[in-house]
Amino acid sequence: MTDPDPGISRHAVDLAEAEGLSIEPVTQWDLFSKRLRRHKFAMISTFFLIFLVTVVLAAPAMQNAGWIDDPTKNLFDDNERIMRNIPPRASSENVFYKKVIDGREVLLEASPTALIMGTDTLGRSVFTRVIYGGRASLIVGLVAGFLVASLGTIVGSLAGFYPGGVDQSLMRFTDLVLGLPLLPVAIVVGRILPEIEFLPAFIRQGPFGIAMLLGLLSWGGLARIVRAEFLSLREKEFVEAARAAGAGDSRIVFRHILPNAMSPIIVQTTLVVGAAIVIEAALSFLGFGVKPPTPTWGAMVSQGGRQAVRGFWWEMVFSGTALVSTVLAINFLGDGLRDALDPTQTIERK
């Protein structure tokens, strides 16, 4: 059967395309990317975090190239005096560090960025320590976020998909974890963690131990959110259709329910990353975080605060600015992801 009036049909199609009514199908990724790009603070935060991660990951290569110094080394002047509490300078001429070569100490020229943020009370480059401190803080945030996302998703999905005995037992255990006071427990465990001899050294003294501790104490909130999502989604028509088609529990969970519950999981994980960095900073500020000489922003703020009352403000200001900027960027990114993943959001036609 032919179209009685092809000209009218072609004109209607052209008019629809001209008015923007006939467009290509929009995927979920297109909707997500458009919503995220509309959130200016989230986009700025994304570029800032990419730059920060790139810099802190490249820190060892930058040190080998002579662009930054060893964060644990003292800096000396040409008279071999330790350069303590030197204010920020644009030039790093006549600045040296000591290195043992062939069994004797020699003075080697420091990097051109050695004094760009001054030195601390022990004569170490604040600029270098801020960069390496970012490595420790980001490790804490990312490892804690990964643990929270993994444990919270597993426990919440099992509790929500299997109501009854499984749900009740898992939720009572979750309530127990949520009932633990986070900071006091972290302080106690952080105090005894270095004394547990059977643990590897990188867990006892490095940022991984604190990150694992925070992750194991912080997953309860996400578990409750995931449980609520699963309880709602398991009653939807598409799940009933999949079950009627013979799909097993694992296929229903991983192919139908979990993808639809990813929005709160992603958003909550980004918020946990920022919270973990702040808590690690608080623990380091109190002396129960990552042990020296590994630099962290929290420990630098603590030490710099004691020196700031004497007029040596730069260590506290630069490390505190890095800490606050990173946490704000993570929170802005989480806010943007929440808006972008919200199915009720609409995109205004330009």
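Every number here is computed from the coordinates shown, using simple stated rules; none is lab data. Note that the structure is a prediction, hence the values are computed from the model and not measured. So basically every Cβ, Gly included, is an ideal-geometry build from the backbone, and we count neighbours across all protein chains shown.
For the chain, set up a Gaussian network in which alpha carbons nearer than 10 Å are linked by springs, and say which option among 270, 321, 128 fluctuates the most.
With Cα springs under 10 Å in the chain, the top fluctuation among 270, 321, 128 is at 321.
Specify the residue with the greatest mean-square fluctuation among 216, 142, 199, computed from a Gaussian network of the chain linking alpha-carbon atoms under 10 Å apart.
In this elastic network of the chain, the residue with the biggest mean-square fluctuation among 216, 142, 199 is 199.
For the chain, what is the calculated [θ] at 222 nm in deg cm²/dmol (nearest 500), taking -39500 (n - 2.57) for each run of four or more DSSP H residues and dividing by its residue count?
Per the formula, -20000 deg cm²/dmol.
When the label point is put 7 Å from the Cα of residue 321 along its Cα-to-beta-carbon vector, which residues of the stretch 103-146 have a backbone N closer than 17 Å?
113-120, 125-134
As an exercise, identify the trypsin sites (Lys or Arg not before Pro) in the stretch 53-127 lying in DSSP coil whose Cβ has no more than 13 other Cβ atoms within 10 Å.
In loop regions of the stretch 53-127 (DSSP not H, G, I, E or B), the sparsely surrounded trypsin sites (Lys or Arg not before Pro) are 81.
Pairs of lysines 8 or more apart, or on different chains, with alpha carbons under 19 Å: count those in the chain, would you?
Qualifying lysine pairs in the chain: 5.
Please sort by residue number the GluC sites (Glu not before Pro) in the stretch 229-289 whose DSSP state is loop and whose Cβ has at most 12 other Cβ atoms within 10 Å.
Of the GluC sites (Glu not before Pro), the ones in loops of the stretch 229-289 whose Cβ has at most 12 other Cβ atoms within 10 Å are 235.
Starting from the 7 Å offset along Cα-to-Cβ, what nm value, one decimal, do you get for the label separation of residue 255 and residue 196?
Spacing of the two 7 Å Cα→Cβ label points: 4.1 nm.
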